[in-house]
Amino acid sequence: MLKGKTALVTGSTSGIGLGIAKALARQGANIVLNGFGDVDGPKAEVSALGAKVGYHAADMSKAGDIEAMMKYAAETFGRVDVLVNNAGIQHVAPVEDFPPERWDAILAINLTSAFHTTRLALPAMKKANWGRIINIASVHGLVASAQKSAYVAAKHGIVGLTKVTALENATTGITCNAICPGWVLTPLVQKQVDARAAQACISNEEAKKQLLAEKEPSLQFTTPEELGELAVFFCSAAANNVRGVAWNMDGGWAAQ
Ligand code: NAD
């Protein structure tokens, strides 16, 4: 379905981003990976699916790095047809104790980076009259949880950015939609599981059960593979007129 097209997935060396990169690679897209930590492993996993793979180490909190990454993608593969804004971080604390520098970092990485990649990707998508922009928001783009002020603000913000981008391009072949996962067991959530286990002196398994029971009626984690398939659907012709949605895959979390 995506043969000859190029997908850039921010924060794709791990978790959800890597799951989406692999799902898009299976559809034949060239993939530009981004993110920190081990790069060789994710690169090998994506190339094993037959995709041409590029990588850029841009720090999503830096506008200059993002410009360099978008330039690299255009020079390497021609243009970005599918942009997945996925990079994200978390910090948990009450508002009055929330470190201002953590607030700034979360807003920059989870929200402002998507503004920069989107504004830089749109001109080439407009020329081609085809594009898919997929923003990985969260169920926290729809509802709030205590202790997550910056994250909830950034995720509500990216749902807003999704709607505006969709509207501005509504008469073109460019769509923009958001995906709102509930709990997904990635390193980002494992940190929260570890903190809960340590604080309550319970096992990791018990901490996971409690985490799910609190918010997620299905009592199941969503997987990166399931989210990858939703991203593939947004790229399909069947989704040509799906514009500006915030689609939760959250085990019933936001239905409560
Ligand atoms: P993760 O920690 O497994 O992966 C995050 C990725 O972002 C990694 O590749 C990391 O290297 C990259 N990254 C972090 N800071 C970066 C920076 N400054 N510049 C470039 N890359 C950076 O986390 P994940 O759970 O896969 O999260 C991915 C996205 O999904 C995030 O936006 C997160 O908010 C969202 N999300 C996660 C969950 C969940 O339960 N895990 C739920 C809803 C939404």
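What fraction of the Cα pairs in the range 144-240, stated in percent, has a spacing above 16 angstrom?
Working: 3160 of 4656 pairs.
Of the Cα pairs, 68 percent sit more than 16 Å apart.
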- [ ] Show that you can apply the helix-only estimate: for the chain, add -39,500 (n - 2.57) for every DSSP H stretch of four or more residues, divide by all residues, and state [θ] at 222 nm to the nearest 500.
- [x] -14500 deg cm²/dmol
Open item on the list: Just to confirm the number: angle between the C-alpha axis of helix 63-77 and the first principal axis of the chain, 0 to 90 degrees, nearest 10?
Closed with: 50 degrees
Task: Mean Cα-pair separation over length for the chain, i.e. relative contact order, pairs under 8 Å, 6 or more apart, % - done: 20 percent
TODO: Quantify, in whole percent, the carbon and sulfur part of the accessible surface of the chain (1.4 Å probe; protein heavy atoms only).
DONE: 55 percent
- [ ] Please work out whether the chain counts as rounded, prolate or oblate from its C-alpha gyration tensor, where a ≥ b ≥ c are the square roots of the eigenvalues and a/c under 1.5 means rounded, while otherwise a/b larger than b/c means prolate and anything else oblate?
- [x] prolate
TODO: Excluding residues on the same chain fewer than 8 positions from Lys3, give the aspartates and glutamates whose Cα lies under 15 Å from its Cα.
DONE: Asp81
Open item on the list: Per residue, how much accessible surface does the chain expose to a 1.4 Å probe? Answer in Å², no decimals.
Closed with: 44 Å²
Open item on the list: Could you tell me the center-to-center distance, by alpha carbons, between the range 51-95 and the range 151-219 in angstrom?
Closed with: 19 Å
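Taking a 26 Å limit on the Cα-Cα distance, which of the listed pairs Lys127/Lys155; Lys52/Lys191; Lys148/Lys215; Lys52/Lys148; Lys5/Lys43; Lys43/Lys148 fall beyond it?
Working: Lys127/Lys155 29 Å; Lys52/Lys191 32 Å; Lys148/Lys215 14 Å; Lys52/Lys148 38 Å; Lys5/Lys43 18 Å; Lys43/Lys148 32 Å.
Over 26 Å apart, Cα to Cα: Lys127/Lys155; Lys52/Lys191; Lys52/Lys148; Lys43/Lys148.
The values are calculated or read from the model by the stated rules, or taken from the named source; none is laboratory data. This is a predicted model, so every value here is computed, not measured. In case anyone asks, the SASA skips ligands and DNA or RNA and just uses the protein heavy atoms, side chains included. Shrake-Rupley method; radii C 1.70, N 1.55, O 1.52, S 1.80 Å.
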